[in-house]
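Just so it is clear, none of the values below were taken in a lab; they were calculated from the coordinates. Keep in mind that what you see is a predicted model, and the values were worked out from it rather than measured. Positions of Cβ are backbone-derived with ideal geometry, glycine not excepted, and every protein chain shown enters the neighbour counts.
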Amino acid sequence: MCLGVPGQVVEVMGTVALVDFCGVRRKVALDIVDEPVGPGDHVLVHVGFAIRRIAPEDLAETLAFFEAMTEAMPETTPGDDTEVPRS
Amino acid sequence: MSAPLQFRDVARGRALQARLDALMAGAGRPVTVMHVCGSHEQAIARFGLRARFPEGLAVQMGPGCPVCVTDAPQIDACIALAEQGARILTYGDMLRVPGQAGSLEDARAAGARVEVIYAATQAVDIARAAGEPVVFFATGFETTAVATASILLGPDVPPNLFVLSAHKWVPAAMEVVARDPETGIEGYLAAGHAATITGYGLFQPFVERHRRPVVVAGFEPLDILSGLVRLVEHVLAGEAKVTNAFPRCVSREGNQRALEVLFRVFALGDGDWRGIAHVPEGELRLRPELAAHDAEVHFAAALGAAGPRLAPGADAADCRCGAIMTGRAQPTDCALFGARCRPESPVGACMISTEGVCRIWHEHGVGPRAVVGSARA
């Protein structure tokens, strides 16, 4: 039930989108998604509702985080909320 | 390389594991952290991450399964409505959860109408086509609750649609764990999908209050490993801070549109979580403005006749779900695990749902050696 699944928007029909999940297509409500979506966009879907448009630039930030975490004790890394000087 | 493979890249995974090993080798002491999401435990089990966790790193699953923590009297209330002729809709995991006298599956076998839905919008469609009262037994954390909220704010909500809310607010349970002096949790891996709604800024007051770091992580193997690296770094450096390790979905402020919908429909209230006890502000209750669709209001007389509430945590005497969900024990510490308590005949809350830690460990054959992370040769 608590399962978030990413999918790709095929078509937008008002407040509903047809979304492709690796070949399975489902109608998904757009009532609570955080920003407008269009065909080709990736969205995170939860119990039939899109809850987030996954922007390509955010994807790049995630990959940069993986990169940073394999380095030994980086001074600053993406994702840090508060900057606390290391002692 | 396609996006899903980027998140499961084996070489990158090994590099992250090596980094985690090096951190723990340099730590010179055990570290205990907790995640609060059944999907995290499923990914840890499915990708075999637990067996490869370094020596001394304990990764506990906290109260991260909303099905498991749905209290027996709430199941009883739903069964009472089913037996009085209401048509019940719920998510599949809820069917087998035992109340004080049987489950919704048992009620269905005895003739009650209980149906499984996969999207909240189905409840509206079914109610619209039906003449009789339709009760949506709605469970889940904030990610799922926002879908329930959205259908109740939609145009032309069918007057025969009622919501019986067992929705829960997961930050409240983290608070209970953090305040328990016996748990010894040094850092938290927060659930990325719930944080997609709430934003990672939500954890800043928690971090300041308890001086424990929180890392928000996604659900692919590299998400979890990189999140754990960051979390262990924070723990060892004594840094009480929030890191967002899931930036492709989570922002500081979250999904404001969804939060607005959520809190127009629900308000936080106190309640009992199965196996854990009383959780202040852990329930998402329908606001009085939504009374026309609140099953607890509409069926108040029927529910009042359903009987007194059990004391919280009144499960089987030997069951250790409460200790497990608050980080004081692992499933393999429980004498019932895999013996009297099994997926086909669960005793405790954590064996019931596919998102419960006992169920996940049982299905993936996780044994005690993996707990201390020393399973590799």
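Before moving on, here are some points about what is shown:
- Hits in the stretch B:134-162 - residues which are surrounded by fewer than 20 Cβ atoms within 10 Å (Cβ to Cβ) and either in contact with a Leu (Cβ under 9 Å, 6 or more places away or on another chain) or on the phi < 0 side of the Ramachandran plot (or both): B:Leu153, B:Gly154, B:Pro155, B:Val157, B:Pro158, B:Pro159, B:Asn160
- Residue in the stretch B:268-285 that is free of Cβ contacts under 8 Å to residues at least 12 places away in the same chain and either within 14 Å of chain A (Cβ to nearest Cβ) or in a strand (DSSP E or B) (or both) present: no
- A residue that is facing chain B (nearest Cβ under 7 Å), in contact with a Cys (Cβ under 8 Å, 6 or more places away or on another chain) and either under 24 Å from B:Leu259 (Cα atoms) or of a type in the set (Lys, Arg) (or both) occurs somewhere in the stretch A:23-45.
- Residue in the stretch B:68-85 that is assigned to a strand (DSSP E or B) and either more than 11 Å from chain A (Cβ to nearest Cβ) or touching a Cys at 6+ places or on another chain (Cβ under 9 Å) (or both) present: no
Each row is one residue, and each column tells you yes or no for (1) within 12 Å of chain A (Cβ to nearest Cβ); (2) crowded, with 24+ Cβ neighbours inside 10 Å.
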residue	(1), (2)
B:Ala15	yes, no
B:Ser39	yes, no
B:Arg46	no, no
B:Ala58	no, no
B:Gly62	no, yes
B:Gly99	no, no
B:Val124	yes, no
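- Number of residues in the stretch B:40-66 that are of a type in the set (S, T, N, Q) and either in contact with a Lys or Arg (Cβ under 9 Å, 6 or more places away or on another chain) or more than 20 Å from B:Glu220 (Cβ to Cβ) (or both) equals 1.
- Lone unmet requirement of (1) closer than 30 Å to B:Gly26 by Cα; (2) at the interface with another protein chain (Cβ under 7 Å from one of its Cβ atoms); (3) in a helix (DSSP H, G or I) for B:Arg209: (2)
- Scoring B:His193 on the criteria (1) within 18 Å of the chain's Cα centre (by Cα); (2) at the interface with chain A (Cβ under 9 Å from one of its Cβ atoms); (3) free of Cβ contacts under 8 Å to residues at least 60 places away in the same chain leaves a single failure, condition (3).
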